[in-house]
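Here is the structure we will look at, set down as C-alpha cells.
Quick note: the coordinates plus some simple rules give every number you see, no bench work behind them. Source: prediction; values computed, not measured. Neighbour counts are summed over all protein chains in view; Cβ atoms, including those assigned to glycine, are modelled from backbone coordinates with ideal geometry.
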Amino acid sequence: MPEDLASNEPSRSQQADSAAEPVVIFNDVSITFDVKPVLENISFTVRHGETRIILGPAGGGKSVLMKLANGLIKPDSGTIRVFGEDVTAMRERDLFKLRGRIGMVFQESALFDSLSVADNVAFRLHEERVPEDEIHARVVEALQFVELEQAIEKFPSELSGGMRRRVSIARAIVSRPDLILYDSPTGGLDPITSTTIIELIVKQRDVTQTTSLLITHRLQDAFLLARNRFNQQTGQMEPIPDGGIDNSTKFLVLNEGRIVFDGTTRELIGTEDPWLKEYIT
Amino acid sequence: MPFVSPEVFAKQKIAAVQDYAVLCWHAIVNIFSGPRYWADIFTQMDSIGVGSTPIVVLTGFFTGCVLALQSATSLQEFGSVSLTGNLVALSMVKELGPVLTGLMVSGRNASGMASEIGSMKVTEQIDAMRALGTDPLRKLVTPRLYATIFMLFFLTIIADAVGIAGGALVSISLLGLNASSYFNNSYRALVYGDVVQGLTKPLFSGFIIATVGCYFGMKTKGGTQGVGKSTTQAVVVSSVFIIIVDFIVSRAMIGIFGR
C-alpha cells in the first residue's frame with residue numbers, strides 16, 4: 001500500500017544521524033568547466049527533514065550542484081559533506097555505498113530504456129540482492145505511491161513525459177533513501193502534469209519527512225511546494241490554512257554560479273534585492 | 001574541427017591514453033572481485049558470439065574460396081596447383097581467419113558497444129547507474145570485454161574451418177583437385193606454432209574491440225551527433241589497432257616458433 005511508505009520506520013542510518021547535524025554541507029565549493037566558472041564559492045547547509053528548493057535562471061549551475069552533492073562530479077575546490085562524509089575525498093567505490101542512502105530524480109528521467117518499468121524501479125534492489133518476493137512488493141508499493149502500478153510491465157518508450165518522471169520518482173524512493181535529489185522534476189512538462197509531480201513531492205515530503213534538494217525553473221512549482229501540504233486523510237494536496245507556509249521548505253537562489261539568496265520562503269518574498277525581486281515577480 | 005595548440009593537443013592525447021588505460025585496467029580486474037554480472041556476460045556472449053556467427057561464416061567461407069581461386073593462378077605457373085590446400089590452410093589459420101574475423105566483429109560490435117553505451121551516456125543513464133550505486137565499468141564494460149575475448153576465439157576457429165572448406169569447394173569443383181589430397185595437404189601444412197599464432201591473435205583482437213568500443217561509448221558527448229561520431233571512431237580505431245597488433249603478434253610468434 002502507498003501508505004506503507006508513510007509508516008516505514010526511519011532507517012537505522014537515519015536514526016543514527018543527529019537531527020542537529022546538517023545532512024548536506026557545501027563549504028566554499030567552486031568548479032570550472034574548460035575556462036568558464038560554473039559555480040563559485042558556494043556555501044550552504046541542508047538540515048535533516050528540510051526541503052531545499054534551488055531556483056535560478058537556466059545555465060546557473062543548478063544541475064552541476066546537484067551532481068556535486070551526489071559525488072557524480074568533483075569540485076575544483078571546497079568540500080561537500082553528505083551525512084557527515086566528505087564526498088570530495090571519497091573513492092568511487094565508497095561513494096557507491098553512500099549513494100545507497102540517496103535517491104536521485106534526473107532532469108530527463110534517465111530511465112534505462114532497455115528495461116521495463118518494474119526492472120527500472122527494482123534496479124537498486126537487484127543490486128542489493130534483495131529477495132525477489134520483497135523486490136516485487138516494494139516495486140508495486142513505490143509504483144502505487146506515484147499512481148502508476150498499471151504501467152509496471154511497460155517500457156519507458158511507451159510512457160509519456162510525466163509518467164517517466166513518476167517512474168523516476170518511484171525508482172528514487174523505492175530504497176527508502178534518507179536524502180532525495182530532484183533535478184528539474186517538472187522541466188518540460190505541461191502545467192497539469194507539473195502539478196501532479198509537485199503533489200507527489202509534497203506527499204513524499206510530508207509523509208516521510210525525507211530531506212530533499214529540488215531544482216526548478218518554475219516559480220509557481222516552488223511556491224506550490226512551500227504553500228501546500230499533503231492531507232493523509234483525503235489523500236490530496238491542499239493549501240496550508242491561513243496562508244501558512246511549510247517551515248521545512250527553504251530556498252537557495254543561484255545566478256551565474258553564485259548564491260544570491262539563501263533563506264526561508266518569507267525572507268524570499270520580502271527580499272529587497274532588485275534582481276531577486278524582478279526574478280520572483 | 002577546431003585548431004588547438006600543439007601543447008593542448010598533446011595533453012589531450014596523453015589524457016585519452018591515460019583514460020583508456022584506466023578503463024582497461026578496471027575492466028580486467030573487476031572480474032576478480034564482486035559483484036560479478038554473470039547474466040550480462042552470457043547475454044553479451046549471445047549477442048556478440050552467436051549474433052556474429054553468420055557474418056563470420058560468410059566472410060570466412062568466401063575468403064577461402066577466393067584465396068584458392070587467386071592462388072591457383074600463380075601456383076599453376078610453377079606447376080604446384082596441388083599445393084593450394086597448403087596455401088589456403090596456412091593463410092586462413094595464421095592470418096586471414098583471425099584478422100578478418102576481428103575486423104568483421106569490430107565493425108559489428110565495437111560500433112554496437114560505442115553506440116549503446118554512448119546513448120546511455122548522453123541520456124544520463126550512466127550517471128543514473130552510478131547514482132543507483134552501480135559501477136558502470138563493472139556492469140557494462142567488464143561483461144563485454146570477457147564475452148568478446150571468449151567468443152572471438154571460437155568465431156576465429158569457425159572462420160578458419162569454413163575458409164578451408166571454401167577453398168576445398170573451389171579446388172575440387174573448379175580446379176579439379178582431389179579432395180583427399182587437398183585436405184591432406186592442408187593438414188600437413190599446419191604445425192603447432194601456426195595454430196598457436198592463429199589462436200593468440202583473437203585474444204588481442206577481442207580485447208581491442210571491447211575496450212575501444214566501450215571507451216568511445218563512455219567518452220561520448222554532444223547528443224546524437226556525438227553518438228554517431230563515437231561509433232565511427234570506435235570502428236576506425238579498433239580496426240587499425242587490430243591490424244597493428246596483428247603485425248606485432250605475428251612478429252613475436254615468428255620469433256618464438258621460427259615461422
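A few comments on the model shown:
- Put the Cα centre of segment A:20-95 next to the Cα centre of segment B:143-192 and the gap is 59 Å.
- Value of D in µm² per second that Stokes-Einstein yields for chain B, Kirkwood Rh from Cα pairs, at 37 °C (0.692 mPa s): 166 µm²/s
- Residues A:GLU278, A:GLU108, arranged from fewest to most other Cβ atoms within 10 angstrom of their Cβ, appear as A:GLU278, A:GLU108.
- DSSP-defined beta bridges in the protein assembly as shown - what % are antiparallel, rounded to 5: 60 percent
- Each helix, a run of at least 4 DSSP H residues, gives -39500 (n - 2.57); summed and divided by the residues of chain B, these come to -26000 deg cm²/dmol at 222 nm.
- In chain B, excluding the sites themselves, the longest stretch lacking any of the chymotrypsin sites (Phe, Trp or Tyr not before Pro) that are in a DSSP loop with at most 12 other Cβ atoms within 10 Å is B:79-259.
- For A:ASN255, residues with placed amide H under 5 Å, excluding near neighbours: A:VAL260
- When only alpha carbons of segment B:109-259 are considered, Rg and Dmax amount to 20.3, 66 Å.
- Ordered by the count of other Cβ atoms within 10 Å of each Cβ, fewest first, A:HIS48, A:HIS126 give A:HIS126, A:HIS48.
- Where only DSSP H runs of four or more residues are counted, chain A gives -10500 deg cm²/dmol as its mean residue ellipticity at 222 nm, each run worth -39500 (n - 2.57).
- The Rg/Rh ratio of the protein assembly as shown, with both radii computed over alpha carbons and Rh defined as the Kirkwood radius, is 1.11.
- Cβ crowding within 10 Å ranks B:ILE164, A:ILE280, A:ILE80 as A:ILE280, A:ILE80, B:ILE164, fewest other Cβ atoms first.
- Distance between segment A:112-166 and segment B:17-55 - C-alpha centres, whole angstrom: 26 Å
- In loop segments of segment A:130-179 as defined by DSSP, there are no trypsin sites (Lys or Arg not before Pro) with at most 10 further C-beta atoms inside 10 Å of their C-beta.
- Pairs beyond 29 Å (Cα-Cα), from A:LYS154/B:LYS121; A:LYS250/B:LYS221; A:LYS74/B:LYS121; A:LYS36/B:LYS11; B:LYS13/B:LYS201; A:LYS74/B:LYS139: A:LYS250/B:LYS221
- For chain A, share of DSSP beta bridges that run antiparallel, in % to the nearest 5: 60 percent
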